[in-house]
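First the structure, in the form of structure tokens, and then the observations on it.
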């Protein structure tokens with residue numbers, strides 16, 4: 001092998017195609033395959049985004065609705081029955097974010113709120129970002145404790 005017989009890989013180079021607008025003799029002169037009159041035949045034509053041929057475009061037909069609260073905090077809700085199942089199956093007394101992440105109940109960047117569905121039988125310490133009123137009462141009534149983390 002030497003430099004005289006190097007070729008590109010098969011299929012890597014496409015042929016340049018038809019040369020348009022190079023006179024009548026080429027067979028592709030005149031309108032240069034753009035048809036006759038109209039905006040699309042002109043040089044520099046570009047259709048506006050969302051243009052629908054003069055019909056009222058979708059983004060103007062559909063009304064605006066509502067708003068997005070930029071201060072909203074999204075919590076991942078975890079119920080007491082889930083906490084109880086975790087405490088009894090893994091024999092854990094302190095449930096914090098790391099324990100929830102290890103067991104696939106939360107991810108690293110989520111805010112966790114403990115909710116009141118179910119009951120807690122074990123005495124557990126729960127550390128989370130927020131607690132519902134019923135969850136807080138249920139945990140503390142069984143001798144457990146809660147800790148709000150920021």
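Laboratory data are not the source of any read-out in this text; all were calculated from the coordinates shown. Computed from a predicted model, the values in this text were never measured in an experiment. Cβ atoms come from the backbone with ideal geometry, glycine included; neighbour counts cover every protein chain shown.
Can you sort 129, 36 by how many other beta carbons sit within 10 Å, fewest first?
Details: 129 17, 36 7.
Ordered by Cβ neighbours within 10 Å, fewest first: 36, 129.
So what's the angle, to the nearest 10 degrees on a 0 to 90 scale, between helix 80-90 and the longest Cα principal axis of the chain?
On a 0 to 90 degree scale, this one is about 80.
List the relative contact order of segment 20-90 as a percent without decimals, with contacts defined as Cα pairs under 8 Å and 6+ residues apart.
11 percent.
Using helices alone, what [θ] at 222 nm do you get for the chain, with -39,500 (n - 2.57) per DSSP H run of 4 or more residues, divided over all residues and rounded to the nearest 500? Walk me through the numbers before you get to the answer.
Working: 4 runs with 30 residues, N = 150.
Helices in the chain give a 222 nm mean residue ellipticity of -5000 deg cm²/dmol.
Only Cα pairs under 8 Å and at least 6 apart count here; give the relative contact order of the chain as a rounded whole percent.
About 15 percent, as a whole number.
Taking only Cα atoms and a 10 Å spring cutoff, compute GNM fluctuations for the chain and point out the largest among 50, 25, 66.
Residue with maximal mean-square fluctuation among 50, 25, 66: 25.
Have a look at 16, 76, 48 and tell me which one the Gaussian network model of the chain (Cα, springs below 10 Å) gives the largest fluctuation.
Result: 16 has the largest fluctuation of those listed.
Who wins for biggest fluctuation among 62, 126, 13 in a Gaussian network model of the chain, springs between alpha carbons below 10 Å?
13
Each label point is 7 Å from the Cα along the Cα-to-Cβ direction; what then is the distance between the points at residue 20 and residue 125, in nm?
Simple spin-label model gives 7.4 nm for this pair.
Can you give the convex hull volume of the alpha carbon atoms of the chain per residue, in Å³?
Taking only Cα atoms, the chain has a hull volume of 332 Å³ per residue.
With the cut-off at 1.5 for a/c, could you classify segment 34-89 from its C-alpha gyration tensor as rounded, prolate or oblate?
Prolate, because a/c is 1.5 or more and a/b exceeds b/c.
Tell me whether segment 72-145 comes out rounded, prolate or oblate; compute the Cα gyration tensor, take square roots of the eigenvalues as a ≥ b ≥ c, and use a/c under 1.5 as the rounded threshold. Show your work: numbers first, answer last.
Working: a/c = 1.91, a/b = 1.22, b/c = 1.57.
Because a/c hits 1.5 or more and a/b fails to exceed b/c, segment 72-145 counts as oblate.
Order these by the 10 Å Cβ neighbour count, fewest first: 46, 145. List each step's numbers first, then the result.
On the way: 46 8, 145 12.
Ordered by Cβ neighbours within 10 Å, fewest first: 46, 145.
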